[in-house]
Amino acid sequence: MICCGAHEGGLVKPRLIITMVALLALGTARTTSAQSSETSIDKKIDSVFSGVTSPDASGLAALVRKNGQLVFERGYGLRDLRSKTKIDAHTNFRLASFTKQFTAMAIMLLVHDGKLRYDQALTEIFPDFPAYGKTITVRNLLNHTSGLPDYEDLMDAVEKIKGPLWTPEKQIQDAEVLELLKKEKRGKFAPGASWSYSNSGYVMLGLIVAKVSGKSYGDFLRERIFAPLKMNHTIVFQKGKNEVVNRAFGHSKDGNAFKETDRSSTSATLGDGGMYSNLEDLAKWDDALRNHTLLGEKEFQPALSPVKLNDGSEPHWPGEANDDNLHPGKPASYGFGWFLDPYQGHARMWHTGSTMGFRTAIERFNEGDGLTVIILCNRTELEPEKLALQVADIFFSAKN
């Protein structure tokens, strides 16, 4: 006789069956709920990008990482309109000013090596630089307080007298930028007295990397940054010297169509914007920043310290709007190669890039949020900074 609830001859107790079924159902429900949540976020992120691109036009590549883990990675549109090749995680985009964080890291590595000092004057490195360079330090160049004249303004002034000298086919080179700066007698303001985003400053930093290291800027970055991090498809592009594989070409809207606008007269300079990279490699860069792979946390801290002016005040963007003036009149928080102002109370480090046919952005929120968003576009009219913050909003609203 088998009593209710007994176990005999391999029969399982009914109560045990009920418990097991309940646990199985609960586990399935949890898995389904987690998958549903992931799918929901995936759809929300996708909707941010699919609304601004189309499959048959140039587009963008987007990467989202949370605490070092891949959350979202997708390409939208075409890397060029001739081959109709689709954009993916291996597509290499021109980074434009996104490059500046790598230039800053190269300088910091030379300081780490003992070959350079942040308080070193420009004239110590380039003895034939005019007297106004005596008070411009490497630190001033890194945080945009050097007051160096804008090399594009100098180009315009020369071409008004001599006629066109530089074109998309005959682009200005770093050495020519240096010569233009050497012809000036003074800067825009005394170093440290004001703040003005300076491509001239980062071209000079690229030249400093080459002068101090004894290697080309591109070779130094490859040996000290790209190779150690296995960023195998990231390069400092120099026409005639190397080639960009899986290359995205830049485009601009022409009426309702797109035309290829891949180069300008100023797109061959290096330290201010000469790199090409892709999502796969930039994920490795994000890991290196998180794990302090290249520089210890303490040594990297100056990059994350907002600049103060000589009088101790907070710098501001200049009042007049232009291509390099993102937020006219507003406070400017900048370290070495990174903007540092928070977004809706969330601490972050970020940078954008903008050049003929390309727009790029990286948004890295602090460890509490652990969120990184990278967007690379090969069309001029897109706003990757705005799109990246829309993605961040999805995560921050889910948290609240």
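The values are calculated or read from the model by the stated rules, or taken from the named source; none is laboratory data. The model shown is predicted, which means the values in this text are computed figures rather than measured ones. Note: ideal-geometry Cβ built from the backbone for every residue, glycine included; neighbour counts use all protein chains shown. Just so you know, the surface numbers come from the protein's heavy atoms only, side chains and all, with ligands and any DNA or RNA stripped out. Shrake-Rupley method; radii C 1.70, N 1.55, O 1.52, S 1.80 Å.
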Exercise for the section: Restrict the check to the stretch 152-161 and report whether at least one residue is closer than 24 Å to Ala303 by Cα, assigned to a helix (DSSP H, G or I) and free of Cβ contacts under 8 Å to residues at least 60 places away in the same chain. Expected result: no
Completion exercise
Of the residues in the stretch 242-254, those that are open to solvent by less than 60 Å² (accessible area, probe 1.4 Å) and either under 11 Å from Glu381 (Cα atoms) or assigned to a loop (DSSP other than H, G, I, E, B) (or both) come to Asn242, Val244, Ala248, Phe249, Gly250, His251, Ser252
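Tell me, which residue of the stretch 360-400 that is part of a strand (DSSP E or B) and free of Cβ contacts under 8 Å to residues at least 40 places away in the same chain is farthest from the chain's Cα centre (by Cα)?
Of everything passing the filter in the stretch 360-400, Phe365 is farthest from the chain's Cα centre (by Cα).
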Problem - Index of the failed condition, Thr269 passing every other in (1) within 26 Å of Ala190 (Cβ to Cβ); (2) open to solvent by 10 Å² or more (accessible area, probe 1.4 Å) - result: (2)
Practice task
Answer yes if at least one residue in the stretch 377-384 is under 30 Å from Lys86 (Cβ atoms), among the hydroxyl-bearing types (Ser, Thr, Tyr) and buried (at least 21 other Cβ atoms within 10 Å of the Cβ), and no otherwise.
Solution key: no
Completion exercise
Within the stretch 125-167, residues being within 30 Å of the chain's Cα centre (by Cα) and either open to solvent by 50 Å² or more (accessible area, probe 1.4 Å) or polar (S, T, N, Q) (or both) number 11
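Conditions tested, residue by residue: (1) modelled with pLDDT of 95 or more; (2) surrounded by fewer than 18 Cβ atoms within 10 Å (Cβ to Cβ); (3) under 12 Å from the mean Cα position of the chain (by Cα); (4) of a type outside the set (Asp, Glu).
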| site | (1), (2), (3), (4) |
| --- | --- |
| Gly273 | yes, no, yes, yes |
| Leu282 | yes, no, yes, yes |
| Asp287 | yes, yes, no, no |
| Arg290 | yes, yes, no, yes |
| Thr293 | yes, yes, no, yes |
| Gly296 | yes, yes, no, yes |
| Ala303 | yes, no, no, yes |
| Pro306 | yes, yes, no, yes |
Handout entry: The listed residue being under 18 Å from the mean Cα position of the chain (by Cα) and open to solvent by less than 20 Å² (accessible area, probe 1.4 Å), out of Asn278, Asn232
Key = Asn278
Practice task
Give me the pairs, please: first residue somewhere in the stretch 127-144 and within 15 Å of Trp195 (Cα to Cα), second residue anywhere and modelled with pLDDT under 95 and among the hydrophobic types (A, V, I, L, M, F, W, C), beta-carbon distance under 9 Å, and either six or more positions apart or on two chains.
Solution key: His144/Ala332
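Condition first: of a type in the set (A, V, I, L, M, F, W, C) and in contact (Cβ under 8 Å) with a residue 60 or more places away in the chain. Now tell me which residues in the stretch 73-93 satisfy that.
Going through the stretch 73-93, the residues of a type in the set (A, V, I, L, M, F, W, C) turn out to be 78, 81, 87, 89, 93.
Passing the criteria: Leu81, Ile87, Ala89, Phe93.
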Practice task
Answer yes or no as to whether Gly353 is assigned to a loop (DSSP other than H, G, I, E, B) and open to solvent by less than 10 Å² (accessible area, probe 1.4 Å).
Solution key: no
Exercise for the section: Evaluate the stretch 77-84: report whether one residue or more is within 17 Å of the chain's Cα centre (by Cα) and either modelled with pLDDT under 95 or assigned to a strand (DSSP E or B) (or both). Expected result: no
Practice task
Output yes when any residue across the stretch 181-196 is part of a helix (DSSP H, G or I), surrounded by fewer than 16 Cβ atoms within 10 Å (Cβ to Cβ) and in contact with a helix residue (DSSP H, G or I) (Cβ under 8 Å, 6 or more places away or on another chain), and no when none is.
Solution key: no
Handout entry: Check on Ala303, of a type in the set (Gly, Ala, Ser), within 23 Å of Ala62 (Cβ to Cβ), in contact (Cβ under 8 Å) with a residue 24 or more places away in the chain and assigned to a helix (DSSP H, G or I)
Key = no
